[in-house]
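Remarks on the structure that follows.
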Amino acid sequence: MFKKVVKASLAIGLTIGLAACGGGSEETGNSSSPASVGESVDYKIVGIDPGAGIMKATASAIEEYGLEDWTLVEGSGAAMTAALKKAYDKEEPIIITGWTPHWKFSAFDLKYLEDPKGVYGGEENIHSIARIGLKDDLPGVHKLLDQFNWTADDMGNVMVDINEGTKPEEAAAKWIEENSDKVAQWTEGVQEGNGEEVKLAYVAWDSEIASTNVVAKVLTDLGYKVKMSQVEAGPMWTGVADGSVDAHVAGWLPVTHADYVEKYDGKFEDLGSNLEGTKIGLVVPKYMDIDSIEDLKE
Ligand code: PBE
């Protein structure tokens, strides 16, 4: 009898300890009685940087799907993919905030969880966003950004290369060399530069590391002096709105960056989409036995 009580309180202590320390996914994976999805991942969704639109969308998903026991963990794109790799290698459960295009879909077998409530919106496009006045000040840069347009596969190729260890600027240069026809369309009729400085802001999302490096390299080859600044999502939009930055090519619209667009309405020029057919949502390895965000409730 006494023994039983001790056992029970030990078990409770262990559960509480695991929930509190947060690093318990390794211990929970091999339980013989099938744990719920929530238990198996400590009720954690591995997020990225707090300024990302997908973080706000995930906070809404937690609310809309009644997942108040769950925590969205802040981090970065790099920390998220590191956690994914670690879990994947051991075939452990993990739930991440994910998006397409991204190299993780070619490196791992992953699936989006269905989103029957449509919290994450549908397909989107990535837009090039310029500061007001760029057209007058640097018409060549404005025109290049306006004509910059590629596909998810193009971006994917650069991303995969970078993930495999190629430096971003080298991966960009290589892609440009191999896709001179496409680049020729972007640069058609574009006035060359003479060392004028161009400031491009971007966030360290793998998709934007790829696109921004490619655009920067094309502009450099045209004779401009490009300064890339890596910032958070908020400052990226603020920089273009207050004119301290010339442009970014990372506007996920209409939904993911809707808040920023609303906040800076009239203070930037939307040059239209540079890539079509993006997606955001909750992503899990295919070996996980769930299909929908609704399955997280159980
Ligand atoms: N992302 C990648 C960004 C936009 C680009 C989906 C992580 C976001 O959520 O804001």
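Bear in mind these aren't lab numbers, they're just calculated from the coordinates by the rules spelled out. What you are looking at is a predicted structure, and each value in this text was computed from that prediction instead of being measured. Positions of Cβ are backbone-derived with ideal geometry, glycine not excepted, and every protein chain shown enters the neighbour counts.
Below, the figures for the structure above:
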item	result
Protection proxy ranking of 177-183, 92-98 - average other beta-carbon atoms within 10 Å, highest first	92-98, 177-183
The chain, Cα convex hull volume normalised per residue, Å³	128
Average projection area in nm² (convex hull over Cα atoms of region 125-277, one quarter of hull surface)	8.0
Percent of beta bridges antiparallel (DSSP, the chain, rounded to nearest 5)	60
Anchor residue 182: lysines whose Cα lies under 20 Å away (excluding residues fewer than 8 positions away in-chain)	143, 174, 217
Separation of alpha-carbon centers, region 225-298 and region 96-139, rounded to whole Å	6
Under the span-like rule (Cα at least 20 Å along the axis, Kyte-Doolittle mean at least -1.0), DSSP H helices of the chain	2-21, 206-221
Distant-in-sequence amide H partners of residue 227 (H built 1.01 Å from N, under 5 Å)	198, 199, 200
When each of 44/90; 85/117; 111/279; 85/199; 56/135 is checked by Cα-Cα distance, pairs over 22 Å	85/117; 85/199; 56/135
Value of [θ]222 nm, deg cm²/dmol, for the chain, DSSP H segments ≥ 4, -39500 (n - 2.57) each, nearest 500	-13000 deg cm²/dmol
